[in-house]
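Remarks on the structure that follows.
The values are calculated or read from the model by the stated rules, or taken from the named source; none is laboratory data. As the structure is a prediction and not an experimental result, all values here were calculated from the model. Ideal geometry is used to build each Cβ from the backbone, glycine not excepted, and the neighbour counts take in all protein chains shown. Heads up: the accessible areas ignore ligands, DNA and RNA and are worked out on the full protein's heavy atoms, side chains in. Shrake-Rupley method; radii C 1.70, N 1.55, O 1.52, S 1.80 Å.
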Amino acid sequence: MKKELIFVFDIDSTVIKLETLNDIITKKCFDKEKANQLNEISSKALIGEYDYHEAMVKRFYLNKLTKKDFTNENECIKNNLVEGIKDILSFISKNKGIVYFVSGGFLINILYVAKLLHIEKEYVYANDFETKNNELILKNSSLTYVDGKIQVCEEIKKKYQNPFVIMIGDGITDLNVWKARASDEFIGAGYVVKRQKIKDESKYYANSVMELKKIIENFFLQINA
């Protein structure tokens, strides 16, 4: 039986050239020193040097973000797709591969990325919020935790008879999926932001989009050869 190749993409700094929540905070926060401190927390969380859930909660609640802040970010996202990523997704689709988007970002933004790249919403996993008394409330989700993507990828694998899952991303939450064997392989994405820890611990690492495409092409040649 042929393997079903499933490519699970992180979004921020992998499919788009932004860390969306960081970008929203930078625009929203009048205290630039505070914004830089919060974004530094994010950077540390992405390499395992700061508690991931705590970083998420701090950044979400300390800035009194509004739904409009997230909606406005979509215009910026549209202009910050990684060059060449659309071609890679098209190549995967033409070769009968399956694409999922699994992100620690928020659905309002990640679904917009999916729409731009023709990925159906049932293949998208991300965090979400609700509005209560004009305030945003972070919904409980495994993806607010460092092992959240592990749980999601295990869930995805159960949907298929003979899956071969390849996780692609730039941060510790992506690398951990492979380390926990929730994915069969991992490709570190270093063409937007290079995180040395991720590069050092990755079996496959793409320094450019061209390298990413070649690695993906090789999986199609090798897995069902």
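Restricting things to alpha carbons, find the Rg to Rh ratio for the stretch 59-155 using the Kirkwood radius for Rh. Answer for the stretch 59-155: 1.00. Using a probe of 1.4 angstrom and keeping all protein chains present, the accessible surface of the stretch 48-157 works out to 54 square angstrom per residue. Here the stretch 1-102 is assigned +1 on the Cβ of each Lys and Arg and -1 on the Cβ of each Asp and Glu. Its dipole about the Cα centre then comes out at about 380 debye. Normalised by residue number, the volume inside the convex hull of the Cα atoms of the stretch 102-214 is 131 Å³ per residue. Pairing the Cα long axis of helix 32-45 with the longest principal axis of the chain, what angle in degrees results, from 0 to 90 and rounded to the nearest 10? Once rounded, one gets 30 degrees. In this entry, the stretch 184-225 is assigned a mean projected area of 2.9 nm², taken as a quarter of its C-alpha convex hull surface.
Under a model in which nothing but the beta-carbon of Lys, Arg (+1) and Asp, Glu (-1) is charged, the stretch 146-219 shows a dipole of about 20 debye around its Cα centre. Helix 107-116 versus the longest principal axis of the chain: what is the Cα-based angle in degrees, 0 to 90, to the nearest 10? It is inclined by approximately 50 degrees. Between the beta carbons of residue 214 and residue 90, assuming R0 = 22 Å, the FRET efficiency works out to 0.90 to the nearest 0.05. Taking every alpha-carbon pair within the stretch 1-103, the share separated by more than 23 Å comes to 39 percent.
With Cα atoms defining each centre, the stretch 16-93 and the stretch 183-225 are spaced 22 Å apart in the structure. Evaluated with a Cβ-only charge set (Lys, Arg +1; Asp, Glu -1), the stretch 101-196 carries a dipole of roughly 100 debye about its Cα centre, given to the nearest 20. Of the options (i) 8, 31, 35, 20, 6, 1, 0; (ii) 8, 35, 38, 16, 3, 0; (iii) 8, 30, 30, 17, 10, 4, 1, only one is P(r) over Cα pairs in 10 Å bins from 0, in percent as computed from these coordinates, and that is (ii).
Peptide packing: for 135-146, 110-121, the average count of neighbouring Cβ atoms within 10 Å per residue gives the ranking 110-121, 135-146, highest mean first.
Normalised radius of gyration (Cα atoms, divided by 2.2 N^0.38 Å) for the stretch 97-145: 1.25. Take every pair of alpha-carbon atoms less than 8 Å apart whose residues are at least six positions apart; their mean separation over the length of the stretch 148-209 yields a relative contact order of 29 percent. Axis angle, to the nearest 10 degrees, between helix 148-157 and the longest C-alpha principal axis of the chain: 30 degrees.
Taking amide H atoms as placed 1.01 Å from N in the peptide plane, the amide H of residue 99 lies under 5 Å from those of 7, each 5 or more residues away in sequence or on another chain.
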